[in-house]
Every structure is written in structure tokens, then in C-alpha cells.
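The values are calculated or read from the model by the stated rules, or taken from the named source; none is laboratory data. Just so it is clear, the model here is predicted, and its values are computed rather than measured. Cβ atoms come from the backbone with ideal geometry, glycine included; neighbour counts cover every protein chain shown.
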Amino acid sequence: MLNSRLLALLIKETTELLRNRQLVIFLTIAPIVSMVIFGYVLNSNVTHLRLGILDQNQVALSRQLVDAFTANQVFVASRYTNDQQDLTRQIERGQVDAGLIIPSTFSRDLLQTGKSEVAVIIDGINAYSSGIAKGYIAQITTQFNLNLVEQYQPLSTGLKIPIQSEITFRYNPGTLDSWFFVPGVIGAIVTLSAILAAAVEAVREKDQGTLEQLLMTPVASTAILISKIVPISGLLTGTLLMCFAVAFLVFQLPLRGNLFLLLIFSILYIQIGVAIGLAISTFSENKLQTILIGIFLNIPIILLGGAVTAVNSMPLLFRWIAQINPLYHYLVILRGILLKGTGLEVWWLHAIAMILFAIATLLVSANRYRRQLS
Amino acid sequence: MMIRRIRNQVFKELQQFQRDRLGVALAFILPVIALLIIGFAIRLEAKNISLVVRDLDRTTLSRSYIERLYATNLFVPAKWQGMRFPDALDRDTAQVQITIPVGFAADAAAGRTGKVQVIIDGSDTINARVSDLAVQGTTLAVVQEQLGQLSETLGVVAQVRLWFNPGRQESLFIVPGSYGVILAIFPPLLIAIALVREKEQGTILQLYASSLSAFELLIGKSLAYIAVGLGEAIILFVVGFFLFGVRFIGDPTPLIIGTPVFMLAGVQLGLIIGTFTTTQSAAVQAIGTIKVLTGFLLAGFLFPLNSVPFPFSIVSYLVPVRYYIELCRDVFVRGSGWFGTWELILAMLILSIAEFALAWWGMRQMQLSS
């Protein structure tokens, strides 16, 4: 008896959800499109910095230095000037990202005294890329100097590079940015979709007043709750599977761990998102408030959960706060399974945290929802 | 006549907005909370990458190498220095493992090349890149030191100067950018909700029946929510000044002109979404996907847009937030005045006019169909 009522309710909710064509489209096509775009666009590599060049020396040696700067795509020669003020102005107006000034005494100093100075001005607005650029410049000049030594003192005391660092990048040998960002974007999309869809769908019935009609029928409040959660979770699971398909087919992400565990914890995370959405809908009085809170909550969850920047880089306080962020735990597990091939023996603490989250959020939202019904 | 009708529409819209007290409070408080979270928490570069060192050589050279590595101020020793499987990288307790093999110093002294083995966790590409540069920089510094003893020094020294933000404070980069991201989300969201609510409750039909034209309706609604958005912007700038010390450098007029233009673009997008979606749930998903994701990820908020590959780089030019973030960084950090910013404002203006035309067309279609 109860089962047939539950079934009827489930069918009703599912057809209602599917009838909202625009929502279905936004939960299926939009995530795929945004995943493809963001997978390609998100790029933490610092390349193609526009370099303004002021070469007052104009000899072979100074041109060699310019070539060394622009050789590997970190800098591209954007403008040549012959006036220092002109270069300064270009940097001030943001027309170039960096300026290289080679003084007229450059080659003479270098060949006579063995030392010479050039000036590099970097637009420091972006603290991250200017730091990287500074590192590259140190490499470029050192490499340039080593080449010079070989060129001008070939017979000096058996010059050999004394030490070398052999660097390998584990898990991501090509340091492909997409391998870091795509799992993050999947997490962000699932969070955003689950919370918003659940919150807005749950509050809709309250707004339209059909909830009262539902209450007059002899179904238990638990059945109403289940019939709300299951269809939306099903739809979101479909979204998630498509996201994974894009990740594997378009971005060639590896799957080094257990596919079964990946699916289990992904579905668990969807449950957490849906439960949070439901809870929001019970705490707010109307749709505007639901939506504002729902959109707002996504900002800290996504930004502090490590979707786009690593949690390790955050100040200590926020590394602690991340512990109460379900997305943080999900992303550790997701990146662990996909990239590192690790299993429960490594991230079992995060797994327990996720299970606790799922139980807690479901209990709270079920409780609030039931109280609202009675 | 037309001006009066538009004015009345603005007043009506604001009246309706301020009737929901909690909603108003949320509309002004949530952006500030978002600013606090972003400003305090988001850091691109780690200052404390955990490092596992295994020095098997134990010589002066190997020790000075390790000392130099820590002197970059980038690394901290990992808590657990063990090497067994699953090792520190798998466990996420360290991000870099360095092994200096036996014979490192002997090789270097004998004219062979002593090798340091470095394994970097590549799953976090940002910090992998930073660590890579730091390790290579350390190695090169040691190489130069060693060579300096062997041969006469011959070398170019680059005097690197960082302008505008010499201390590389990340907040100076993140906070002005976050103004753009936050202001791109909230005003469009509010106007889209208002429009769809009117559609769901059927009150929009009354508007269609009135003498108000689609043009006046859109202008009236836009102006009302631009006003709300400007209020949000002022609050953000004040909080940013007091908490993060972000202040005007030079001429503030580009921002004073540019902010309403940016609001216009944002609010138009809200209107477009509001006209083309029929349910609030769809409208919210649309704003959520387009605004939250593009704002954070596609507008150069975190990473420079120079490296974006070709067909996708076009997309970023269509995002008004991109220009506004640049404008904010210019006014609050660089201070180049109108010379460096007029193109940004012009671009936003063109985009918002195009969006307004689309919203107007959509509204006329809707009026005809209902």
C-alpha cells in the first residue's frame, strides 16, 4: 500500500521535473558546454607575456639576449621602442606586461669586465604571474650566461655543469592544467546544480500552494520527501556521468583508481548537495531568499573547497574551515581516484567525513521538511 | 511623458524590492561576506609547500643545496619524512620529494654532473609550476656558485623590478578582481528573479496591457536594479578600503563612469535570461552557470588570459566582467587614468547596448505571443 503510493508520487514528481524542459536542458547541456570551455580556458601557466623591448645597444650580443627572452613562449616580443619614456608609458597603461631595457654599454661592459646589467620591469598587478615571470627571468639569464661561458671560454678549465636537478612530475607528467581543473569544475558544477535545483524545486510547491493539497492525501511525509529527492538526484547523476564522459573523452583524464568507488562517492556527494538545497528551502520564507542564499552558499563552497585553487595554499584558518566543506573532501577523493590511483587506505578519513556529512545533512533537511509539512 | 512613465516604473520596482526586508538585507550583506571570503582565503601561490628531503650524500655541497632550497621561503619540511609506499605524495602529506644520491658532491667535484632527483606532485599544477621554478632556480644558483670558483665570472645580471605591487601582495590582485566577480552575480540575479516572478504571478500581462512600451519597461527595470547594484558596489569599495587597504591610485573617474556601464551590461543579461526563461528554477540555473562560472573562471579573475588557446579566447572577449576586472585593477592598483581605461569602458558599453537590443527584441516577441 505504502509502496504503491510512494511509486505514484515518484512518477508524479518525475514527470513534473521532466516537464520543466528548460531546467532539464540547464542540468544537462549547460554543464557539458561549460566543462569543455573551462577545461580549455583554465590555464595557470604563464606564457605569452607581452614584452616591450628597448635595445639601446643594438649589437649581436644584445639581440641574442632578446632572443633568449622570447625563445620559449614565456615572453613574446610585442613592441620595440627606442625611448625609455615610451616604454614606461606602455607599462603604465598596461599595453605590455613587462619591459626589457638593454643599456648602450651592455656588450662593452660584458666583454671588458665580465659583468653587465640589464633592467627588467614587470607589471606586478598579478602577484602570481609576476612571481612566475621573475623565476623564468632568473633561469633565462643564467642559461644565457652559461652559453656565453661556453662560447667565449671554451678551453677554460674543463667546464662541466657541476650539478643538475632531474625533475619529474608524478601523476601528471605533462603538467596539463586540465587534469587539475577538470575534476574541480566537475565538483563545482555538481555543487551548483544540486543545491540550486533542489532548493528551487522544493520551494516551488510552497509558493504555488500545492503542498497543502499533497498534505491532505494519505501519504506519509517521508514518502513526500523521498519523492522529492529521488528524481532530482537521478537527473543529477545523469549530469555527472556526462561530465565524466567529457573528462575522459575530451580531456583524456586518466582513471587510475577504482571506478566503483568513484561512482559511490559521486552519488553520495550529489545527495549532500540535494540535502543542502532542501534545507535552504526550509529556512527561507520565499523564493527570492532561497535563491539568494543558494547562489551565495555556492561561492564559499566552491572557492574554499579547492576547485580552482589548492586548499594547501590557503591561510591556516581556511585550511581548517575546509574540513567542514563537503566539496573539499569530495575533491580529495575525486582527484585521488582519477589522478593518483589511491584508494580507501589513503583517503579513508575523507570518506568517513563525507558519509557523516551525508547523514547529517539528510537528517537536518528531512527533519525540517517534515516539520514544515505538519 | 515617456520620462515620467519610466520614472514611475523605477519607483514601483524599488518599492517592490524593498518590501521583502530579509531579501534586501541579503542582497547587501551576502556580497560583503563573499568579498571577505575571497579576499582572505584565495591564494594562488602556496608559501608553505611541504617537502620531503632524503639526503643520502651528507656532504657540505648537499647540505648547502638543501639550505638554499629552504631559503627560497617556499618550502616547509613535511611532518612525515618516511618514504615507504604509499609515500608522502600519495598521502598528500608532501608535495615535493627530493633525493640527493650518494656521490653527489664527488661527481660535482670530479667534473661529472651530480644529479638531484626531484619528484613533484603534478596533480596541483599551480604549485607544481612554482615548485619547479624554485628547484631549478636553486640548482642554477648553486651551479653559478660552483662555476664562479672555477672560471672567471662572465655574466648578465637582470635587475628585475616589479611595478605597482612590488611586495607581490596577493590581496591587491584578488580584491579588485573580486569586485567584478561579485557585482557580476548579484544585480543580474535580482532583476532576473523580479522579472520571472512577474511572469509567474501573471502581473506582467497587466504591464503589457498598460500604455507602457517594452522599451520603457526595460529601461525602468534596468535603472532600478542599476541603482541597487551601485549601492552594493559602494559598500564593497568601502569594505575593501577598510579591511584590505585597497584605495584609489590616481584618477577615480574611470571607475565612477565605468561601474554604471558595467551594471547596465550585467542587468541586461539578467533581463535576457528573465525574458527567455519561463520558470525561476531555469532562470536561476542560467544565472548560476553563466555568471558564477564565467565570472570566476573566464574573466581573468585568477589566471591571466594571455595563455587561453584561440577559439576559446574569443569567448572571454564577450564577457563584460573581463573588462570591469581590468578596470578595477587599473583604478585601484595601477592608476593609469583615462589613457589606459577608455577602451575597457567602450567595450562594456558596446556589449551592454547589444544585450539591451536582444532583451528588447525578446520582450517584444513575448508581448506578441501572450
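Residue by residue, here is whether (1) crowded, with 23+ Cβ neighbours inside 10 Å; (2) assigned to a loop (DSSP other than H, G, I, E, B); (3) out of contact with any Phe, Trp or Tyr (no Cβ under 8 Å at 6 or more places or on another chain) holds:
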site: A:253; (1), (2), (3): no, yes, no
site: A:275; (1), (2), (3): yes, no, yes
site: A:282; (1), (2), (3): no, no, no
site: A:291; (1), (2), (3): yes, no, yes
site: A:302; (1), (2), (3): yes, no, no
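A Cβ distance below 8 Å, combined with a sequence gap of six or more or placement on separate chains, defines the contacts here; from segment A:252-280, residues that are in contact (Cβ under 8 Å) with a residue 40 or more places away in the chain reach residues that are part of a loop (DSSP other than H, G, I, E, B) and β-branched (Val, Ile, Thr) in the pairs A:257/A:342. Please find, within segment A:4-59, the residue that is farthest from residue A:182 (Cα to Cα) out of those that are among the basic types (Lys, Arg) and touching a residue at least 12 places away in the same chain (Cβ under 8 Å). Restricting to residues being among the basic types (Lys, Arg) and touching a residue at least 12 places away in the same chain (Cβ under 8 Å), the top hit is A:5. The set of residues in segment A:294-327 that are more than 7 Å from chain B (Cβ to nearest Cβ), under 21 Å from residue B:296 (Cβ atoms) and of a type in the set (A, V, I, L, M) comprises A:297, A:301, A:302, A:307, A:311, A:321, A:322, A:327.
Would you confirm whether or not segment A:315-325 contains a residue that is assigned to a helix (DSSP H, G or I), in contact with a Pro (Cβ under 9 Å, 6 or more places away or on another chain), of a type outside the set (Gly, Ala, Ser) and crowded, with 23+ Cβ neighbours inside 10 Å?
At the first step, the residues of segment A:315-325 found to be assigned to a helix (DSSP H, G or I) are A:316-324.
Imposing the further condition that a residue be in contact with a Pro (Cβ under 9 Å, 6 or more places away or on another chain) reduces the set to A:321.
Remaining after also requiring of a type outside the set (Gly, Ala, Ser): A:321.
Right, trim to crowded, with 23+ Cβ neighbours inside 10 Å and you get none.
The answer is no; no qualifying residue exists.
Looking only at residues in segment B:283-330 that are closer than 19 Å to residue B:271 by Cα and among the polar types (S, T, N, Q), which one is farthest from the other protein chains (Cβ to nearest Cβ)? Please lay out each step first, then the result.
If we filter segment B:283-330 for residues that are closer than 19 Å to residue B:271 by Cα, which is where we start, we get B:283-295, B:318-321.
Filter again for among the polar types (S, T, N, Q), leaving B:285, B:289, B:294.
Numbers: B:285: 4, B:289: 5, B:294: 8 Å.
Checked segment B:283-330; the qualifying residue farthest from the other protein chains (Cβ to nearest Cβ) is B:294.
Annotation: of all residues in segment B:308-335 being aliphatic (A, V, I, L, M) and assigned to a helix (DSSP H, G or I), the one that is modelled with the lowest pLDDT is B:315.
The conditions are (1) facing chain A (nearest Cβ under 8 Å); (2) surrounded by fewer than 20 Cβ atoms within 10 Å (Cβ to Cβ); (3) part of a loop (DSSP other than H, G, I, E, B), and residue B:165 fails exactly one of them. Which is it? Result: residue B:165 passes all but (2). Out of all the residues in segment A:348-371, is one or more within 8 Å of chain B (Cβ to nearest Cβ), free of Cβ contacts under 8 Å to residues at least 60 places away in the same chain and part of a helix (DSSP H, G or I)? No, because not a single residue in segment A:348-371 is within 8 Å of chain B (Cβ to nearest Cβ), free of Cβ contacts under 8 Å to residues at least 60 places away in the same chain and part of a helix (DSSP H, G or I).
Here is a list: B:185, B:174. Which entry is under 28 Å from the mean Cα position of the chain (by Cα) and within 7 Å of chain A (Cβ to nearest Cβ)? Explain how you work it out, then say what you get.
Numbers: B:174 fails: within 7 Å of chain A (Cβ to nearest Cβ).
Only one candidate passes the filter, namely B:185.
Of the residues contained in segment A:213-234, none is found to be modelled with pLDDT of 90 or more and among the basic types (Lys, Arg).
Do the conditions hold for residue A:32, that is, is it farther than 23 Å from residue A:110 by Cα, part of a helix (DSSP H, G or I) and either touching a Cys at 6+ places or on another chain (Cβ under 9 Å) or modelled with pLDDT of 90 or more (or both)? Yes; evaluated as a whole, the condition is true for this residue.
In the list B:258, B:266, which residue meets the criterion of being under 27 Å from residue B:11 (Cβ atoms), touching a Cys at 6+ places or on another chain (Cβ under 9 Å), in the same structural domain as residue B:181 (by TED's automatic domain parsing) and of a type in the set (Gly, Ala, Ser)?
On the way: B:266 fails: touching a Cys at 6+ places or on another chain (Cβ under 9 Å).
That would be B:258, the only listed residue that is under 27 Å from residue B:11 (Cβ atoms), touching a Cys at 6+ places or on another chain (Cβ under 9 Å), in the same structural domain as residue B:181 (by TED's automatic domain parsing) and of a type in the set (Gly, Ala, Ser).
Just one of the numbered conditions (1) modelled with pLDDT of 90 or more; (2) surrounded by fewer than 23 Cβ atoms within 10 Å (Cβ to Cβ) is not true of residue B:249: (1). Please work out which residue is surrounded by the fewest Cβ atoms within 10 Å (Cβ to Cβ), limiting yourself to segment A:39-78 and to residues that are farther than 15 Å from residue A:136 by Cβ and of a type in the set (Val, Ile, Thr). Applying the filter and picking the extreme gives A:59. So how many residues does segment A:352-374 have that are surrounded by fewer than 19 Cβ atoms within 10 Å (Cβ to Cβ) and closer than 29 Å to residue A:252 by Cα? Qualifying residue count for the region: 0.
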